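Novice: Got a structure here, written out as structure tokens. Questions coming.
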């Protein structure tokens with residue numbers, strides 16, 4: 001799909017607080033509300049959104065359910081569902097669409113993680129989203145691109161309510177904490193994304209390097225099921241903090257304090273991400289696996 005044929009975006013939303021205890025995005029949205037000049041561009045209007053205000057107030061991830069898993073049509077259309085986050089998702093969909101008839105919206109959703117993910121841009125496989133992410137990667141070599149094929153997982157996130165979107169994920173940083181270095185990185189990334197969208201709208205966005213690495217989501221890896229009387233199982237010390245490093249068969253991934261080790265037994269190589277993410281304990285997810293491919297595999301240049 002030729003990039004120059006992609007339609008421009010009229011409105012960009014900068015979103016913080018989709019998870020109420022990820023304070024970097026909240027702080028930046030509050031800052032830009034007072035100092036908006038750095039987020040303004042000529043080719044689109046920029047709006048700010050604190051997406052989960054009750055969770056932000058309580059400094060918790062969510063009230064009833066994860067807002068970033070609440071945008072599937074079957075949830076939004078079920079009027080019997082009165083979960084707070086589903087209600088917020090309905091309001092956000094209206095904001096992104098009904099309040100901007102005939103205009104194309106783009107959402108930049110700001111997140112942080114307790115995992116050692118560095119700076120990651122999360123997107124689907126839509127060409128414009130990938131091209132914008134790749135442009136940021138060209139400007140900031142430390143940025144990685146984590147992409148999802150179409151699925152309930154990617155279609156249920158806040159960005160799915162807009163015509164285009166990128167999630168910004170930065171870590172490690174504890175939940176509920178604001179730190180200057182993370183704020184500075186997120187601020188720089190947002191500036192680069194806004195510049196790339198502006199170039200996209202002007203049809204001057206450079207064609208991305210087809211060899212740009214993309215980490216394509218493969219599957220989640222769950223903690224081993226153990227009897228309640230068994231010794232606790234946790235991420236192996238050799239895996240901890242090794243996000244985006246290649247994982248091969250036989251590599252230790254879990255251990256317990258009795259000395260038992262669980263090796264990786266899947267296809268190789270795979271690249272783990274969100275290793276030992278605190279927010280995923282409730283889902284028993286230890287980490288996710290990705291395949292490292294080139295942008296050319298996903299995008300017709």
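Novice: Might you let me know whether region 35-49 holds any residue that is touching a residue at least 40 places away in the same chain (Cβ under 8 Å) and closer than 24 Å to residue 156 by Cβ?
Specialist: yes
Novice: Okay, moving on. Just give me the residues in region 256-275 being surrounded by fewer than 20 Cβ atoms within 10 Å (Cβ to Cβ) and either at negative phi or in the same structural domain as residue 114 (by TED's automatic domain parsing) (or both), in sequence order. Full working, then the answer.
Specialist: Our first condition is that a residue be surrounded by fewer than 20 Cβ atoms within 10 Å (Cβ to Cβ); within region 256-275, this holds for 256-263, 265-269.
Hits for region 256-275 are 256, 257, 258, 260, 261, 262, 263, 265, 266, 267, 268, 269.
Novice: Here is a follow-up. Out of all the residues in region 276-290, is one or more in contact with a strand residue (DSSP E or B) (Cβ under 6 Å, 6 or more places away or on another chain), free of Cβ contacts under 8 Å to residues at least 60 places away in the same chain and either assigned by TED's automatic domain parsing to the domain that holds residue 135 or closer than 26 Å to residue 133 by Cβ (or both)?
Specialist: The first filter runs over region 276-290 and keeps only residues in contact with a strand residue (DSSP E or B) (Cβ under 6 Å, 6 or more places away or on another chain), leaving 276, 284-290.
Right, trim to free of Cβ contacts under 8 Å to residues at least 60 places away in the same chain and you get none.
Looking through region 276-290, none of the residues is in contact with a strand residue (DSSP E or B) (Cβ under 6 Å, 6 or more places away or on another chain), free of Cβ contacts under 8 Å to residues at least 60 places away in the same chain and either assigned by TED's automatic domain parsing to the domain that holds residue 135 or closer than 26 Å to residue 133 by Cβ (or both).
Novice: Please specify each residue of region 43-92 satisfying the condition of being modelled with pLDDT under 95, buried (at least 16 other Cβ atoms within 10 Å of the Cβ) and not in a loop (DSSP other than H, G, I, E, B).
Specialist: Within region 43-92, 75, 76 meet the criteria.
Novice: Turning to a different aspect of this structure: Applying the selection to region 99-157, what residues are closer than 24 Å to residue 65 by Cβ, out of contact with any helix residue (DSSP H, G or I) (no Cβ under 6 Å at 6 or more places or on another chain) and modelled with pLDDT of 95 or more?
Specialist: If the condition is that a residue be closer than 24 Å to residue 65 by Cβ, out of contact with any helix residue (DSSP H, G or I) (no Cβ under 6 Å at 6 or more places or on another chain) and modelled with pLDDT of 95 or more, then 111, 113, 115, 117, 120, 122, 146 are the ones that fit.
Novice: Another question, if that's okay. I'd like to know if region 97-118 contains one or more residues that are part of a helix (DSSP H, G or I), assigned by TED's automatic domain parsing to the domain that holds residue 32 and crowded, with 16+ Cβ neighbours inside 10 Å.
Specialist: From region 97-118, those part of a helix (DSSP H, G or I) are none; that's our starting set.
The answer is no, given that none of the residues of region 97-118 is part of a helix (DSSP H, G or I), assigned by TED's automatic domain parsing to the domain that holds residue 32 and crowded, with 16+ Cβ neighbours inside 10 Å.
Novice: Okay, next question. Hey, any hits in region 8-15 for a residue that's surrounded by 15 or more Cβ atoms within 10 Å (Cβ to Cβ), in the same structural domain as residue 175 (by TED's automatic domain parsing) and without any contact (Cβ under 8 Å) to a residue 12 or more places away in the chain?
Specialist: No: region 8-15 contains no residue that is surrounded by 15 or more Cβ atoms within 10 Å (Cβ to Cβ), in the same structural domain as residue 175 (by TED's automatic domain parsing) and without any contact (Cβ under 8 Å) to a residue 12 or more places away in the chain.
Novice: I would also like to ask the following. Tell me, which strands (runs of 3 or more DSSP E) lie completely within region 162-253 with 2 or more residues that are under 17 Å from the mean Cα position of the chain (by Cα) and farther than 25 Å from residue 6 by Cα?
Specialist: Working: elements: 164-171, 213-222, 233-235.
The qualifying strands (runs of 3 or more DSSP E) are 164-171, 213-222.
Novice: How many of the residues in region 25-42 are in contact with a helix residue (DSSP H, G or I) (Cβ under 9 Å, 6 or more places away or on another chain), surrounded by fewer than 18 Cβ atoms within 10 Å (Cβ to Cβ) and closer than 17 Å to residue 195 by Cα?
Specialist: The number of residues fulfilling the criteria is 4.
The values are calculated or read from the model by the stated rules, or taken from the named source; none is laboratory data. Nothing here was measured: the structure is a model prediction, and the numbers come from that model. Positions of Cβ are generated from backbone atoms using ideal geometry, with glycine treated the same way; all protein chains shown enter the neighbour counts.
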